[in-house]
Amino acid sequence: MINLSILTSKLTEHIAGAMNAAGGWLGFDAFMALALYAPGLGYYAHDSRKFGLMPEGVKGGGSDFVTAPELSPHFGRALARQVAQALQASGTAEVWEFGAGSGALALQLLDALGPQVERYTIVDLSGSLRERQRERLAAHAGKVQWASALPTRMRGVVLGNEVLDAMPVKLLARLAGVWHERGVVLHEGRFTYADRPTDLRPPLDVAGHHDYVTEIHPQAEGFVRTLADRLETGAVFLLDYGFPEHEYYHPQRSMGTVMCHRAHLLDADPLADVGEKDITAHVNFTGIALAGQDAGLPVAGYTSQGRFLLNCGLLDGLENASLAERAMVQKLVNEHEMGELFKVVAFATDTLHHPDGTAWQPLGFAAGDRMHTL
């Protein structure tokens, strides 16, 4: 069993060393990257259990949060219908999954897609998670491979479920009308915020004169631009929680969206207990869509997770499901659960087409597409 208090102490020393080398101040994005991904020490780089239905102290528990594939296998089965359609339209047989977590989604997709997938590549920075994925996917060992970086050229279907929210963000704070970049310093042995005036701005003007804290997402947008550059033919589906730009930078959203997850509880202090909890920020889907589009990868759809899954036949085969199974499926689509907060944005290369040559439309956006809201 990993000793988290020792780990936190070592990670604090590691971050303090990086801070020292940088002159005593780290931008929040750099701090977040180390807190999550520092080799052997960051939250995603050590062996504690992260994904599951129950927190510590509950039988079978010990996890920090649950993602859609852990809630219900019907999530992966519905997504598999969309993946199958995109594989056929692109004439490819490879799936790329970024940040595969526990491997639950990969298993659901591989079981459902069978021979339609010849190779399933997982791109994951976490060595400990890769080992768990390897165990879970042993039945598909002949198809699954791992990579720690993107290749120069890709073909097939790219997936990212709750990946963008874990990419480091820059924090901006408008204080007394002046914009600052919010960074982190070490003061009397504790991490605290320290602000510096900056030329950085949110992509939209925020109405009003009140103090305002928010995020910008250069790393997530850079990730999408890289996909656009390297995907020769295929489609990309990114599922995460977030908003279009006009909602993200609403004047009333004045405290930003950074939050932490531990033992299925939320807190808003990413500077405490580093390495022991997840740090995330909501996604600005307008910025993500523009990043792909401007890099030459057209947006193929945008909608809520609930609408996307229903379009993909989520309810098919539930007639004989148990009450408990149906309740989990409801969590995926209900507006007050994951159905509305979570969104899906898709991109597709110009090479995709229907068998009759007409423009390709992904199954998941057949009804309720919201691209006009981005």
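The values are calculated or read from the model by the stated rules, or taken from the named source; none is laboratory data. Note that the structure is a prediction, hence the values are computed from the model and not measured. Note that we place each Cβ from the backbone using ideal geometry, even for glycine, and neighbour counts take in every protein chain shown. Just so you know, the surface numbers come from the protein's heavy atoms only, side chains and all, with ligands and any DNA or RNA stripped out. Shrake-Rupley method; radii C 1.70, N 1.55, O 1.52, S 1.80 Å.
Brief remarks follow.
- All told, Leu53 meets the bar of being more than 17 Å from the chain's Cα centre (by Cα), modelled with pLDDT under 75 and either among the aliphatic types (A, V, I, L, M) or open to solvent by less than 50 Å² (accessible area, probe 1.4 Å) (or both).
- Considering each residue of region 106-129 in turn, at least one proves to be open to solvent by 10 Å² or more (accessible area, probe 1.4 Å), small (Gly, Ala, Ser), over 20 Å from Lys343 (Cβ atoms) and in contact with a Leu (Cβ under 9 Å, 6 or more places away or on another chain).
- Taking each residue of region 100-113 that is farther than 16 Å from Ala138 by Cβ and touching a residue at least 12 places away in the same chain (Cβ under 8 Å) and looking for partners that are hydroxyl-bearing (Ser, Thr, Tyr) and surrounded by fewer than 23 Cβ atoms within 10 Å (Cβ to Cβ) with beta-carbon atoms closer than 7 Å, six or more apart or interchain, yields Gly101/Thr67.
- Candidates are the residues of region 247-271 that are in contact (Cβ under 8 Å) with a residue 60 or more places away in the chain and open to solvent by 10 Å² or more (accessible area, probe 1.4 Å); the one that is farthest from the chain's Cα centre (by Cα) is Leu271.
For (1) closer than 30 Å to Val95 by Cβ; (2) modelled with pLDDT of 95 or more; (3) assigned to a helix (DSSP H, G or I); (4) among the basic types (Lys, Arg), each residue gets a yes or a no:
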| position | (1), (2), (3), (4) |
| --- | --- |
| Leu239 | yes, yes, no, no |
| Arg253 | no, yes, no, yes |
| Thr257 | yes, yes, no, no |
| His261 | yes, no, no, no |
| Asp269 | no, yes, no, no |
| Gly275 | no, no, no, no |
| Gln293 | yes, yes, yes, no |
| Gly296 | yes, yes, no, no |
| Leu309 | yes, yes, yes, no |
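- Candidate set from region 189-226 (those that are under 18 Å from the mean Cα position of the chain (by Cα) and small (Gly, Ala, Ser)); member that is surrounded by the most Cβ atoms within 10 Å (Cβ to Cβ): Ala220
- Single condition Thr152 does not satisfy, out of (1) among the β-branched types (Val, Ile, Thr); (2) under 25 Å from Thr286 (Cα atoms); (3) open to solvent by 30 Å² or more (accessible area, probe 1.4 Å); (4) assigned to a loop (DSSP other than H, G, I, E, B): (2)
- The single condition among (1) touching an Asp or Glu at 6+ places or on another chain (Cβ under 8 Å); (2) within 23 Å of Glu221 (Cα to Cα) that Ala104 does not meet is (2).
- Residue count, region 114-129 (criterion: touching a residue at least 40 places away in the same chain (Cβ under 8 Å) and within 17 Å of the chain's Cα centre (by Cα)): 3
- Filter result for Leu186 (modelled with pLDDT of 95 or more, over 30 Å from Thr349 (Cα atoms), touching a strand residue (DSSP E or B) at 6+ places or on another chain (Cβ under 6 Å) and not in a loop (DSSP other than H, G, I, E, B)): no
- Scan of region 272-294 for residues that are hydrophobic (A, V, I, L, M, F, W, C) and open to solvent by less than 40 Å² (accessible area, probe 1.4 Å), ordered by number: Ala272, Val274, Ile279, Ala281, Val283, Phe285, Ile288, Ala289, Ala291
- Residue that is farthest from Phe285 (Cα to Cα), among those in region 325-346 that are in contact with a strand residue (DSSP E or B) (Cβ under 6 Å, 6 or more places away or on another chain) and open to solvent by 50 Å² or more (accessible area, probe 1.4 Å): Glu340
- Evaluation of Asp229 against (1) surrounded by fewer than 21 Cβ atoms within 10 Å (Cβ to Cβ); (2) farther than 27 Å from Leu150 by Cα (one fails), failing number: (2)
- Ala89 being assigned to a helix (DSSP H, G or I), closer than 19 Å to Leu363 by Cβ and at pLDDT 95 or above: yes
- The requirement of being of a type in the set (Phe, Trp, Tyr) and either closer than 30 Å to Leu7 by Cβ or out of contact with any Gly (no Cβ under 7 Å at 6 or more places or on another chain) (or both) is fulfilled somewhere in region 335-344, by at least one residue.
- Inside region 211-254, residues that are within 22 Å of Leu36 (Cα to Cα) and hydrophobic (A, V, I, L, M, F, W, C) make up a count of 7.
- Restricting region 352-365 to residues that are in a loop (DSSP other than H, G, I, E, B) and open to solvent by 70 Å² or more (accessible area, probe 1.4 Å) leaves a set whose member that is modelled with the lowest pLDDT is Pro355.
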